[in-house]
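Single-structure report; data block below.
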Amino acid sequence: MKLERAVGVVTTAQTIRNSRTRRALRRRSVVGLLVGIIVVGFIVTLMVGQTFYPPADVIGVIFGQDVPGATFTVGRLRLPRASLAILAGLCFGLGGVTFQTMLRNPLASPDIIGISSGASAAAAFAIVTLSLGDTAVTVLAITAGLAVSLLVYVLSFKGGVAGTRLILIGIGIAAMLDSITAYSLTQAAEWDLQNAMRWLTGSLNGTSWNQALPVFIALIVLAPVLVGQSRNLAMTQLGDDTASALGVRVERSRLIVIVTAVGLIAFATAAAGPIAFVAFLSGPIASRIVGPGGSLLVPSALVGALLVLVADFCGQYAFGTRFPVGVVTGVLGAPYLIYLIIRTNRAGSSL
Amino acid sequence: MTPVLPGAAIVRRPRGLRSVWLLLALVVVLGLMLASVTIGSREVGWADIWAALNGSADGFDEAAVATRIPRTVLAVLAGAALGMSGAVMQGVTRNPLADPGILGVNVGAALAVVTGIAFFGLNAAGSFIWVAIIGAAVTAAFVYTVGSLGRGGATPLKLALAGAATSAALASVVTAVVLPRNDIASGVLSWQIGGVGGATFVSIQQVVPFLLVGFTISLVSARSLNSLALGDDLAAGLGERVALARGGAALGAVVLAGACTAVTGPIGFVGLVVPHACRLLIGVDHRWLLPFSAVLGAALLTAADVLGRVVARPSEVDVGIITALIGAPFFIYIVRRQKVRAL
C-alpha cells in the first residue's frame with residue numbers, strides 16, 4: 001500500500017506480483033536455510049559423541065573409506081541413527097501438515113487424533129504378542145493407521161464432519177489405543193524399558209539400517225505423490241464446493257492424500273515409534289517462518305526433520321541421562337501445544 | 001444457554017425409586033466385592049477363601065486370597081472417589097466431558113508424586129498424598145484457566161482439549177523424571193497406567209482420612225452444585241456465592257482425585273462414565289447424584305479389576321487399561337450425542 005501511494009502509478013496487478021515474488025523469495029530462502037541447517041546438524045551429530053571424530057574422518061566414512069574406529073562408531077551407530085532421525089522427521093512433518101491443512105485445524109494432527117497411536121499399538125502388539133518380523137510389523141502398522149483414520153472419520157460423521165467433533169473423537173480413540181499399547185508392553189516377556197519407550201513416546205536408540213531403509217523407500221515413493229497433490233490440497237482449503245468448481249476432483253484427491261499421509265506416518269512410527277508432537281509441531285512452526293501463501297508441505301517436512309535431529313542429539317548428550325527423543329519432543333512440544341490452544345481460543349482456528 | 005446436563009428435562013424422580021436404585025447398587029457392589037475376593041488368576045477353593053477372610057495365610061491359595069482383600073478394598077475406595085470426583089467436576093464445570101482423567105488432574109497428581117520421590121526424597125506414602133493433592137489442584141486450576149480463556153468460556157471442547165494437551169505434556173514430563181532414576185524406573189508404567197494390584201492395608205489406612213475429607217466436602221457442596229447447574233447468574237440470584245461454591249466443590253473433587261491417584265496411579269474415565277449412567281437412573285439432583293456416583297464408581301472399578309484378572313489369564317491387565325477400553329467408547333458416544341454448536 002505504501003509503495004502504491006509513493007509511486008502513484010503502480011497497478012494492483014503489479015502489487016500482487018511484487019508481493020508474490022517477495023513471498024516466493026522468502027520461501028526459497030527459508031527452505032534453503034533449513035536444508036543448510038539440517039546438513040550442518042547431520043554432520044555435527046556424526047562428529048560429536050562419546051568420542052569426537054574430525055570432519056575428514058566422518059566424510060571419509062560416509063564415502064565408504066575404512067577409518068579405524070570411526071567406521072564402526074560413525075558408520076554403524078551414528079549414521080543410521082541420524083539418517084532415521086531425518087527420515088522420520090520428514091515423514092512426520094509431511095503427514096502432520098497434510099492432515100492439518102486438509103481438516104483446516106492445527107489440532108487435527110495425526111498424533112492427536114489417534115493415527116500415530118493406532119500404528120504404534122499395532123506395532124507393539126505385532127512385536128510383543130504375535131512376535132512378527134519387520135515387514136509384517138510395518139504392514140500391520142500401516143493397516144492399523146489407515147483403519148484408525150477411517151474409524152475416526154466415520155465416527156465423527158453425523159450429517160457432515162465437524163472439525164471439533166473429529167478432534168474429540170480422535171482423542172478418545174487415542175486414549176483407547178494407548179492403553180492397548182501399554183497392555184502389550186506389560187505382556188513383554190523380558191521387560192525392556194528402552195524398547196518399551198519406543199512404543200510409548202518414540203525413540204531412536206539402537207537404530208540400524210534395517211529400520212531406516214523402509215522409511216527411506218516410503219519417503220521416496222510417497223512424498224512426491226503428496227507434494228504433487230499440494231495444489232489440490234490448497235484448493236480444498238477453500239471448501240469442497242469451491243475446490244470442485246476450480247476443477248479439483250475432491251474425493252479422489254482426498255483419498256490419495258489421506259492414504260499417502262497415513263502411509264508416511266505409519267512407516268515412520270513402525271521404525272521409530274510415535275515421536276511425540278513432531279507431526280503436530282512442524283506445520284505451525286513452518287507456517288510461522290514461511291509466512292502466508294504457498295504450500296507448507298516441504299517447509300514443514302524440513303522443520304520436522306530438524307526437530308527430530310536436534311531433539312535426539314539433545315536427548316543423548318545435553319542431560320545427565322540419555323533420554324529417548326520422544327521424551328524431549330514431548331516436553332518441548334507441550335508448552336507450544338498449550339500456547340496454541342490459548343491462541344486458538346482467542347482468535348479462532350487456523351494453521 | 002444450551003442445556004449441559006443430559007436428562008435435565010426430567011427434574012424429579014420418585015424418591016422411592018431412587019432409594020431402590022441406590023440399594024440395588026449397594027448390593028451389586030457387595031456382590032462384586034465377593035467376586036473380587038473369589039475370582040483371580042489362581043483358582044482357589046471356598047475353604048481357603050473362608051480361611052483367608054479370617055486372617056489366615058497358610059499356603060499359596062490362602063496367601064493369594066489374602067492379597068485380594070486389600071486390593072478389593074482399594075478398588076472400592078478408589079472407584080467411589082473417582083466416581084464422585086467426576087460427578088462434582090461435571091457439575092462445577094457444567095461440562096459433560098469433565099473427568100479427573102480427561103482434565104489431566106490425575107496425571108498432574110502422578111507427576112507431583114514422581115517429582116517428590118525423584119528430587120525431594122519423599123519416601124513415606126503418607127506424604128505422597130499431600131503432594132498428589134497439591135499437584136492435582138495446580139493442574140486442575142491450570143487446565144480450567146487455559147480452557148476458559150477466550151470466547152464462550154469453558155466450553156466442553158476447549159476444556160477437553162486443554163486437558164488432553166496437559167495430560168500428554170505432563171505424561172512426557174513424568175517419563176523424563178522417572179527414566180534416569182533406576183530405583184523408580186521399574187515403575188514408569190505404573191505411573192502412567194493406574195492399577196490396584198499393589199494395594200496394602202498400610203497405604204489404604206493412609207489414604208482413607210483424605211478420602212473422607214474429600215467425600216465430606218463434595219457432599220456438603222451438593223446443594224450448591226444444584227444451583228450452579230442453573231447457570232452462574234441464576235445461582236447468584238438464588239443467593240449462592242458462586243465463586244465460593246465452585247471453589248469449595250472443586251476442592252472436594254481435587255482432594256478425591258489426588259488422594260486416589262497417590263495410591264493407584266492415574267485411572268481415567270471412571271469419573272466420566274459413572275455420573276452419566278447415574279443421571280439416567282436417578283436424575284440430576286446432586287444430593288442423590290454424588291453418593292450414587294460413588295457407589296456406582298466403586299462397582300465399576302471393582303468389576304473392571306475382576307475383569308482384568310480374568311481376560312488374560314494367567315497374567316493380569318491393569319485396571320487403568322480396562323477402564324480406558326470401557327470408557328473411551330463412552331466418551332465418543334457422548335461427543336457424538338452433543339450438538340456441534342455445544343462443542
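Are any residues in region A:313-324 within 11 Å of chain B (Cβ to nearest Cβ) and part of a loop (DSSP other than H, G, I, E, B), and if so, which ones?
Looking only at region A:313-324, we keep the residues that are within 11 Å of chain B (Cβ to nearest Cβ), and these are A:315, A:319-324.
Across region A:313-324, the qualifying residues are A:Phe319, A:Gly320, A:Thr321, A:Arg322, A:Phe323, A:Pro324.
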Problem set entry | The one condition in (1) modelled with pLDDT under 80; (2) within 25 Å of A:Ala318 (Cβ to Cβ) that A:Gly36 fails to fulfil | (1)
Seminar exercise, completed: Those residues of region B:42-52 that are loosely packed, with under 13 Cβ neighbours inside 10 Å and either at pLDDT 80 or above or small (Gly, Ala, Ser) (or both) come to a total of 2
Exercise. In this structure, does A:Gly75 turn out to be more than 13 Å from the chain's Cα centre (by Cα), on the phi > 0 side of the Ramachandran plot and not basic (Lys, Arg)?
Worked result: no
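Is it the case that A:Val327 is within 12 Å of chain B (Cβ to nearest Cβ), among the aliphatic types (A, V, I, L, M) and in a helix (DSSP H, G or I)?
It is true that A:Val327 is within 12 Å of chain B (Cβ to nearest Cβ), among the aliphatic types (A, V, I, L, M) and in a helix (DSSP H, G or I).
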For this session: May I ask you to list the residues in region B:204-230 that are under 17 Å from the mean Cα position of the chain (by Cα) and either outside any helix (DSSP H, G or I) or not β-branched (Val, Ile, Thr) (or both)?
Result: B:Pro209, B:Phe210, B:Leu211, B:Leu212, B:Gly214, B:Phe215, B:Ser218, B:Leu219
Seminar exercise, completed: All conditions in (1) crowded, with 18+ Cβ neighbours inside 10 Å; (2) over 18 Å from B:Ala165 (Cβ atoms); (3) in contact (Cβ under 8 Å) with a residue 40 or more places away in the chain; (4) more than 13 Å from chain B (Cβ to nearest Cβ) are true of A:Ser253 except (3)
Exercise. Could you say whether any residue in region B:162-179 is modelled with pLDDT under 80, assigned to a loop (DSSP other than H, G, I, E, B) and facing chain A (nearest Cβ under 10 Å)?
Worked result: yes
For this session: Return a yes/no flag: does region A:257-280 have any residue that is in contact with a Phe, Trp or Tyr (Cβ under 8 Å, 6 or more places away or on another chain), within 14 Å of another protein chain (Cβ to nearest Cβ) and either assigned to a helix (DSSP H, G or I) or under 26 Å from A:Ala24 (Cα atoms) (or both).
Result: yes
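Looking at A:Arg231, A:Arg165, which one is more than 11 Å from chain B (Cβ to nearest Cβ), modelled with pLDDT under 85 and part of a helix (DSSP H, G or I)?
A:Arg231
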Seminar exercise, completed: Result of the Cβ filter at 7 Å on region B:197-218, keeping first residues that are over 27 Å from B:Leu289 (Cα atoms) and partners that are part of a helix (DSSP H, G or I) and at pLDDT 90 or above, at least 6 apart or interchain, is B:Ala199/B:Leu74
For this session: From B:Leu256, B:Leu272, grab the single residue that is part of a helix (DSSP H, G or I), in contact (Cβ under 8 Å) with a residue 60 or more places away in the chain, within 14 Å of chain A (Cβ to nearest Cβ) and in contact with a Leu (Cβ under 8 Å, 6 or more places away or on another chain).
Result: B:Leu272
For this session: Could you list, in sequence order, all residues of region B:280-298 that are more than 22 Å from B:Ala35 (Cβ to Cβ), β-branched (Val, Ile, Thr) and in a helix (DSSP H, G or I)?
Result: B:Ile282
Seminar exercise, completed: Those helices (runs of 4 or more DSSP H) completely within region A:7-108 that have 2 or more residues that are closer than 30 Å to A:Val152 by Cβ and either more than 14 Å from chain B (Cβ to nearest Cβ) or not hydrophobic (A, V, I, L, M, F, W, C) (or both) are A:79-102
Exercise. Within region A:38-66, how many residues are within 20 Å of A:Ala301 (Cα to Cα) and either surrounded by fewer than 15 Cβ atoms within 10 Å (Cβ to Cβ) or touching a helix residue (DSSP H, G or I) at 6+ places or on another chain (Cβ under 6 Å) (or both)?
Worked result: 6
For this session: Evaluate region B:275-285: report whether one residue or more is surrounded by fewer than 24 Cβ atoms within 10 Å (Cβ to Cβ), within 10 Å of another protein chain (Cβ to nearest Cβ) and free of Cβ contacts under 8 Å to residues at least 60 places away in the same chain.
Result: no
Problem set entry | Unique match (being aromatic (Phe, Trp, Tyr) and touching a Gly at 6+ places or on another chain (Cβ under 8 Å)) among A:Tyr317, A:Tyr339 | A:Tyr317
Problem set entry | Tally, over region B:296-321, of residues that are crowded, with 23+ Cβ neighbours inside 10 Å and more than 18 Å from B:Val29 (Cα to Cα) | 4
Exercise. Does B:Ala199 satisfy being out of contact with any Ser or Thr (no Cβ under 6 Å at 6 or more places or on another chain), closer than 30 Å to A:Tyr183 by Cα and surrounded by 16 or more Cβ atoms within 10 Å (Cβ to Cβ)?
Worked result: yes
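The values are calculated or read from the model by the stated rules, or taken from the named source; none is laboratory data. In this text the structure is predicted, and so the values were computed from the model without any measurement. Note that each Cβ is placed from the backbone with ideal geometry, even for glycine, and that neighbours are counted across all protein chains shown.
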